[in-house]
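Structure first, then comments.
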Amino acid sequence: MFERYESPLCARYASQEMQEIFSARKKFGTWRRLWVALAEAERELGLDITDSQLAALRRHQDDIDFERAAWWENQVQHDVMAHIHTYGEQCPEAKGIIHLGATSAYVGDNTDIIVTTEAMTLIGRKLRATMAALGDFASRYQALPTLAYTHFQAAQPTTVGKRASLWLLDFLLDLDELEFFLSRTRLRGVKGTTGTQASFLALFAGDHAKVKALDKLVAEKMGFTETFPVTGQTVTRKLDSQTLNVLSGISQSAYKMSGDIRLLQHLGEMEEPFGEKQVGSSAMAYKRNPMRSERVASLARYVMVDALNPAFTAASQWLERTLDDSANKRISIPEAFLAVDGILELLLRIVPGLVVYPKVIERHLLAELPFMATEEILMRAAREGGDRQALHEKLRAHSMAVVRDMREKGGENDLLERLAADPAVGVSLGELRATLRPAAFVGRAAEQTEEFLREYVTPRL
């Protein structure tokens, strides 16, 4: 165990449920289900397949001898043929009808579609759970004023909940893409060696209607209502690219949110959960590092780059197919799902445990609020009869002097005191301080958040 490489995606990040979806048992078990469905459909449409042959196939459908299949693959250097031989040895009377008329892509592509559909459904469930937790957080803090940041410089205030609604909107767009993807899921179906269905047309003595019916019947037996109308030997590899584009989108949203949490934790305004015995640093005992959010970013970056794999594969397929997709596909598709599963598992631990520090938020806000109040001060002074342009220059000069003293001398923000002492401004300190109500600067942030949750998020979840 300790002498061989083991993927961290399985050992550290992805859930058992997602790992089982991409397991060998799931893959080869689905191959056998497809062989049973094909034999059943061929018999129902008139081919000479007996009840006892079907019974044998069904009896051994889940009884896979993995060691024997590995032995056969070592002999024939072909995974599908290895499993056909293994299955045939277990039910010799049905050996001749296994995989009848099919090509390797029948089990390979159809299984990939079945497995990725199940995996995407699991991702959708975890994405909705993450969104629900984020919605609760946004609702709880929808009215708490906080500094907004543009260019990571202090800007007009927003609310903590409104900021969370921006994260939530990104995930809502991802859910749109995921649900659209699942709504268009189709099986490859029964298409034959180069997609022409020639072998099945021969089996059914030139009966085109039966070949079309076979394609539909197999899909229905596997739980699908549609098949791709045309294929080469393989289903279009655009499907894999579209699949990873959905996962990349979720990763982009998670990366953005995790980055914001890391910045806010640096500011002391928000913190991801930190365990009672958790260690932040082996050297610096005081450290409380945002390691879960960092892990989200790390995995998300991997998925975003991984999405290039099926894009290049789809673009470089020759004519009816080449085999340069196979090795890449075995790695890039499962690992993207495992990584996104790991991301969502992390978010489901981060979001419900996010800690907000209102006093730190208030301190930062009040330190910057005098600057943001200058527009209201300008209007108020002008209403008292002052020259707007002259007043604007006074406000600008005082503001720049305060910024310089704060940065060079470490002074406090005394802008209001300076303005009150300037006769040209003509506004008392009490009047100036009355303008510093944080809630007066957040616009409709709280209302926007409440409306967004009620009108868009809750109905979807």
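Scanning the range 139-190 for residues that are out of contact with any strand residue (DSSP E or B) (no Cβ under 7 Å at 6 or more places or on another chain) and among the polar types (S, T, N, Q), we see that the one that is modelled with the lowest pLDDT is GLN153.
Among the helices (runs of 4 or more DSSP H) contained in the range 360-440, which hold 1 or more residues that are touching a residue at least 40 places away in the same chain (Cβ under 8 Å)?
Working: elements: 374-383, 388-409, 415-420, 429-434.
Per the criteria, 374-383, 415-420, 429-434.
Is it true that ASN328 is surrounded by fewer than 20 Cβ atoms within 10 Å (Cβ to Cβ), free of Cβ contacts under 8 Å to residues at least 40 places away in the same chain and in contact with a helix residue (DSSP H, G or I) (Cβ under 7 Å, 6 or more places away or on another chain)? Here the answer is yes, as ASN328 does meet what is asked.
Of all residues in the range 289-324, those satisfying the criterion of being closer than 17 Å to ASP240 by Cα, in a loop (DSSP other than H, G, I, E, B) and not acidic (Asp, Glu) are ALA307, GLN317, TRP318, ARG321, THR322, LEU323. Filtering the range 418-443 down to residues that are among the charged types (D, E, K, R) and closer than 12 Å to LEU369 by Cα, which residue is modelled with the highest pLDDT? Here the residue is ARG437.
Could you tell me whether any residue of the range 6-15 is of a type in the set (Ser, Thr, Tyr), modelled with pLDDT under 95 and surrounded by fewer than 16 Cβ atoms within 10 Å (Cβ to Cβ)? Taking every residue of the range 6-15 in turn, at least one turns out to be of a type in the set (Ser, Thr, Tyr), modelled with pLDDT under 95 and surrounded by fewer than 16 Cβ atoms within 10 Å (Cβ to Cβ). Candidates are the residues of the range 16-51 that are surrounded by fewer than 12 Cβ atoms within 10 Å (Cβ to Cβ) and closer than 30 Å to LYS212 by Cα; the one that is nearest to the chain's Cα centre (by Cα) is ASP51.
Does ALA138 satisfy being in contact with a helix residue (DSSP H, G or I) (Cβ under 7 Å, 6 or more places away or on another chain), farther than 28 Å from LEU187 by Cβ, buried (at least 19 other Cβ atoms within 10 Å of the Cβ) and aliphatic (A, V, I, L, M)? Give the steps one after another, and end with the answer.
Details: in contact with a helix residue (DSSP H, G or I) (Cβ under 7 Å, 6 or more places away or on another chain): yes; farther than 28 Å from LEU187 by Cβ: yes; buried (at least 19 other Cβ atoms within 10 Å of the Cβ): yes; aliphatic (A, V, I, L, M): yes.
Yes: the conditions hold for ALA138.
Among the residues of the range 184-208, count how many are within 42 Å of the chain's Cα centre (by Cα) and either in contact (Cβ under 8 Å) with a residue 12 or more places away in the chain or farther than 24 Å from VAL80 by Cα (or both). The number of residues fulfilling the criteria is 15.
Taking the criterion of being surrounded by fewer than 20 Cβ atoms within 10 Å (Cβ to Cβ) and either farther than 21 Å from ARG330 by Cα or among the small types (Gly, Ala, Ser) (or both), the residues of the range 223-247 that qualify are GLY223, PHE224, THR225, GLU226, PHE228, PRO229, VAL230, GLY232, SER241. Residue pairs whose Cβ atoms lie under 6 Å apart, separated by 6 or more positions or on different chains, with the first residue in the range 60-88 and in the same structural domain as THR30 (by TED's automatic domain parsing) and the second assigned to a loop (DSSP other than H, G, I, E, B) and of a type in the set (Val, Ile, Thr), are ILE84/ILE98; TYR87/ILE98; GLY88/ILE98.
All conditions in (1) surrounded by 13 or more Cβ atoms within 10 Å (Cβ to Cβ); (2) farther than 30 Å from LEU172 by Cβ; (3) aliphatic (A, V, I, L, M) hold for LEU453, with the sole exception of (2).
For the condition surrounded by fewer than 17 Cβ atoms within 10 Å (Cβ to Cβ), in contact with a Cys (Cβ under 8 Å, 6 or more places away or on another chain) and basic (Lys, Arg), ARG59 qualifies.
The values are calculated or read from the model by the stated rules, or taken from the named source; none is laboratory data. Since the structure is predicted, the reported quantities are computational estimates derived from the model, not experimental observations. Every residue, glycine as well, gets a Cβ built from its backbone with ideal geometry; the counts of neighbours run over all protein chains shown.
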